[in-house]
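Take a look at the structure below.
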Amino acid sequence: MDLVSLLIQLISGAVGGNVAGSLLKKLSLGSVLNSVIGILGGGLGGQLLGMLGVGTTTGGVDLASIIGGIAGGGVGGGVLLAIIGFLKNLFTKK
C-alpha cells in the first residue's frame, strides 16, 4: 500500500460519505461528519479490498489500482455512514 492509493481511498471515502448522506437524508449527520465518517470508511473499505486482493496490483499505481481504490473507498465511506446514521437514529428515538 502506497501513499497515493491511501489518499485516493480517503478522498473517495469522503465523497462516498457525502453522496450517501445526500441520498439518505434521514441518515445524514451533516457534511462535516459525513466527510469524517466517509474518510474512515474509505480507509477501511480500501484496506479490506486490498486484503482480499480486489483491484490491487503489486507494482506502482496503475488504472486498476486507482479504480479499485475509488470503488472501495467510496463504497466503504457510504456503507459506514449508513451504519452509523442508522445506529444514531435507533438510539435517539423516543
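Data overview
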| item | result |
| --- | --- |
| Over the chain, relative contact order from alpha-carbon pairs under 8 Å, at least 6 apart, % | 41 percent |
| Fully extended contour minus Cα-Cα distance, from residue 25 to residue 66, at 0.36 nm per residue | 11.9 nm |
| Calculated [θ] (222 nm, deg cm²/dmol) that DSSP helices of n ≥ 4 give over the chain, each run adding -39,500 (n - 2.57) | -27500 deg cm²/dmol |
| Among [x] -0.95, -1.09, -1.31; [y] -0.87, -0.98, -1.15; [z] -0.73, -0.84, -1.00, the entry derived from the coordinates for log10 I(q)/I(0) by the Debye sum over Cα atoms at q = 0.19, 0.21, 0.24 Å⁻¹ | [z] |
| Label-point separation in nm, residue 90 to residue 51, each point 7 Å along Cα→Cβ | 2.2 nm |
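Each value in this text was obtained by applying a stated rule to the coordinates, not by laboratory testing. Every value quoted in this text rests on a predicted model; they were computed, and no experiment measured them. Quick reminder, even Gly has a Cβ in these numbers, built from the backbone with ideal geometry, and neighbours come from all protein chains shown.
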